[in-house]
Amino acid sequence: MKLYSTNNHDLRMDFQSAVFNSMPEDKGLYMPVTIPVLDPEFIAHLDRYTLPEIAYEVAFALLGDDIPAADLKAIITDAINFEAPLHPLDEQTYVLELFHGPSLAFKDFGARLMSRIMAYFLKDGEQLLDVLVATSGDTGGAVALGFLGVANTRVTILYPKGKVSEIQELQLCSNGQNIRAIEIDGTFDDCQHLVKQAFADEELKSKRRLTSANSINIARLIPQTFYYFNALAQLFRKGKRSVVFAVPSGNFGNIAAGLLAYRMGLPVKQFIAATNANDTVPRFLETGVYETRASVQTYANAMDVGAPSNWVRIMAMFKEDRAAVKEMVKGYRYSDGETVQAINDIFKRFNYVACPHTAIAWLAVQEYQQQYPSADDSFVFLSTAHACKFPDIFSEELAAQITVPAQVEELKKKEKLATAMKVDFESFKTFLLAADRV
Ligand SMILES: *Cc1c(COP(=O)(O)O)cnc(C)c1O
C-alpha cells in the first residue's frame, strides 16, 4: 500500500512509515494512492463470510504485500475477536452495535488493529516505542486496552481531571504493565497541547521513540471499514439489499471508513452524518462553506469536535467535488434536549437503551426517512458506545435498565493508578525521560 498526503498528492509513503509517523510532516493526512475495488463475487456473497474472514479480505486488498498473508490473518484474528451484531428495532431499522470490544466503544476496532500492526513492525531489540495519547474519554480506554501487554510498547495517556466518566477513568487507570495514565489538572485541550509539545521537543525526540495513537492514523481507519462490510453480510442474510448508514460523527473517522468501504465496492445507497451542536459538516453540506468553529460541550461529548480532522479524507475520496459529496452524504444536527428526548423515545418504542451518540444517529434516521420515504431501504445506525459508559445522562428509570457487562463490574473492583500533574510541560517531559523500561 502506497500513501500520499492530502496536502501533497505527489508524496509517496510506505505503509509501515505512515503507521509510525501517523501524520505527514506537511500536516495533511495519509490516503491510499489507489483504492482497490473488491471482487464483485465476494461482495455479492458477503453473507457467506464471518467478520474475521471479511476483515482479512478487506485488509489484504488494501495492504497487499505489506504484511505476508499468514501473518495478516493471525493479526486480524487476534484483533477482531468480538462481534458487531445488527440489532433490529423494527422491520426496516437496525442498530449496528460496535461496543462489544474491551473498552465498550467502536474505537476498539481501530486501537486493537493499530497496536498489533505496530508491534508486528517492531523488530526484536529495537528501541521501546513510546505511544502518547491525549483523550477526552473513549480513545484512552481503547488505546490502553489495545496496547496492554503488547511487547516493546509503552503507552502514556493524558486525560483531564474530573472530565471523564468513572468507567472511562478506570479503563485508563487500572491497567498497570505497559500502560501509564496522567491525570492533568486542566482540559482536554491542555492534554492535547502537552502531547504536541512532546512531539516538538528535540531532547525527547532524540532520547525516546515517540509515536501517536490518535484517530487519524491510517491503521485505525482501515479496521473501521470491516464492520460496514459485515453489516451488509448480516442484511443479505435477511434478504435485504439496499442500505442507508447513519453515523454519529465527531472527528469523522468512522464515516470516512464507511466511505472508503463504499469506494472499495460496498453497495450503499446513502450515508448520513449525524452530529451534535458541533455541526461544521452539516453546515458545509447546506451552504457549501467549510467553516470550523471552537468546539462546544454536549452530552455526546465524544463528538465535541469543531474542526473534524478526517473531513479532508472524505473530500479527497470525492476528488474535492462538493456536489458529489452532497449526493452521497446527508448531514443533520441535534441539540442536547433532542438527544435526551430521543433516548427516552427509543426506550419507550423499542425497549432499547441507546447512548447519547447512538441516539443522535437514530434521530438522523427519523429525519431522513421523513424527507426521503422508501419502503425498500434498510436503515442502519451505528451505536458507537455502550450506554453504561455515560451513566449521568440517564434518568433513574432508564439507568436501571442498562445491563452492565461483567467486565465493568470487574473494573470497579480495581485500583486507580494515575500520576497527578499540573499543566506543565517540564513535569511531563521529566516523566517521559525518567524510566527506561516499563
Ligand atoms: C469517537 C466517538 C465518536 C466519533 O467518532 P469519529 O470517528 O470521531 O467521528 C462517536 N461516538 C463515540 C462513542 C465515540 O467514542
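The values are calculated or read from the model by the stated rules, or taken from the named source; none is laboratory data. Computed from a predicted structure; not experimentally measured. Counting neighbours? That spans all protein chains shown, and the Cβs are built from the backbone with ideal geometry, glycine included. Note: areas computed on protein heavy atoms with side chains; ligands, DNA, RNA excluded. Shrake-Rupley method; radii C 1.70, N 1.55, O 1.52, S 1.80 Å.
Overview of values
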quantity: Orientation-averaged projected area, Cα convex hull of region 358-429 (nm²); calculated: 9.6 nm²
quantity: Given charges at beta-carbon only (K, R positive; D, E negative), |dipole| of the chain in Debye; calculated: 320 debye
quantity: Hits among lysines - C-alpha to C-alpha of LYS238 under 18 Å, sequence gap 8 or more where chains match; calculated: LYS269
quantity: Mean accessible surface per residue for region 193-299, computed with a 1.4 Å probe while every protein chain stays in place, in Å²; calculated: 34 Å²
quantity: Of all accessible heavy-atom area on region 206-250, the percent that carbon and sulfur account for (1.4 Å); calculated: 45 percent
quantity: Solvent-accessible area per residue for region 17-139 (1.4 angstrom probe, square angstrom); calculated: 39 Å²
quantity: Exposure ranking of MET13, MET328, MET23 by accessible area [1.4 Å probe, largest first]; calculated: MET23, MET13, MET328
quantity: Sequence-distant aspartates and glutamates (8 or more away, or on other chains) whose Cα lies within less than 12 Å of LYS416; calculated: GLU166, GLU169, GLU183
quantity: Loop trypsin sites (Lys or Arg not before Pro), region 1-101 (other Cβ atoms within 10 Å of the site Cβ: 10 or fewer; DSSP); calculated: LYS27
quantity: Surface share of carbon and sulfur [accessible, 1.4 angstrom probe, percent] for region 1-129; calculated: 50 percent
quantity: Summed side-chain charge close to ALA300 - residues other than ALA300 whose Cβ falls under 15 Å, Lys, Arg +1, Asp, Glu -1; calculated: -2
quantity: Partner lysines for LYS27 [C-alpha distance under 20 Å; skip if fewer than 8 residues away on the same chain]; calculated: LYS2, LYS196, LYS205, LYS319
quantity: Options VAL365, PHE390, ALA300, ranked by Cα towards positive dipole end of region 266-390, top entry (Cβ charges); calculated: PHE390
quantity: Region 231-338: trypsin sites (Lys or Arg not before Pro) in DSSP loop, at most 11 other beta carbons within 10 Å; calculated: LYS319
